[in-house]
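> Handing you a structure now.
Every read-out reported here was derived from the displayed coordinates using simple, explicitly stated rules and does not represent laboratory data. Only a predicted model underlies this, so the values are computations on that prediction, with no experimental measurement involved. As a convention, Cβ positions derive from the backbone with ideal geometry for all residues, glycine included, and neighbour counts pool all protein chains shown.
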Amino acid sequence: MRVLFFAHLKDLTGCGETELDCAGVDADGLWAALLERFPQLAPYRPTVRLARNAQYAAPGTRFEPGDEVALIPPVSGG
């Protein structure tokens, strides 16, 4: 699956996107795979939203190999 990083997450990971090879995982499984590759994301997990194929992912969402997943950090405006 294609994983996209935005804002400061892009800086933390050193890339705007990556490919993950994990099939049929839920959000916890996806986070486990992400943190294995990018442990520096751990402090941001509580505040980052996951989106699957341009839709915010519900807690029970299953992520499949062909999905595009975005990690969306909180946004502040002003």
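> Taking P(r) over Cα pairs in 10 Å bins from 0, in percent straight from the coordinates, which label in (i) 18, 45, 27, 9, 1; (ii) 19, 59, 20, 2; (iii) 13, 22, 17, 13, 12, 9, 7, 6, 1 is the correct one?
Computing P(r) over Cα pairs in 10 Å bins from 0, in percent and matching it to (i) 18, 45, 27, 9, 1; (ii) 19, 59, 20, 2; (iii) 13, 22, 17, 13, 12, 9, 7, 6, 1 gives (ii).
> Going by how many other Cβ atoms sit within 10 Å of their own, how do GLU64, GLU36 line up, fewest first?
Lowest to highest Cβ neighbour count: GLU36, GLU64.
> May I ask for the net charge around GLN55, where only other residues with Cβ less than 14 Å from the Cβ of GLN55 are counted and Lys, Arg are +1 while Asp, Glu are -1?
Charge balance near GLN55 sits at 0.
> Next up: What is the angle, in °, between the Cα long axis of helix 27-37 and the longest principal axis of the Cα atoms in the chain? Nearest 10 is fine, range 0 to 90.
Computed tilt is about 70 degrees.
> Please compute the contact order of the chain in relative form: average sequence separation of alpha-carbon pairs under 8 Å and at least six residues apart, divided by the residue count, as a percent.
41
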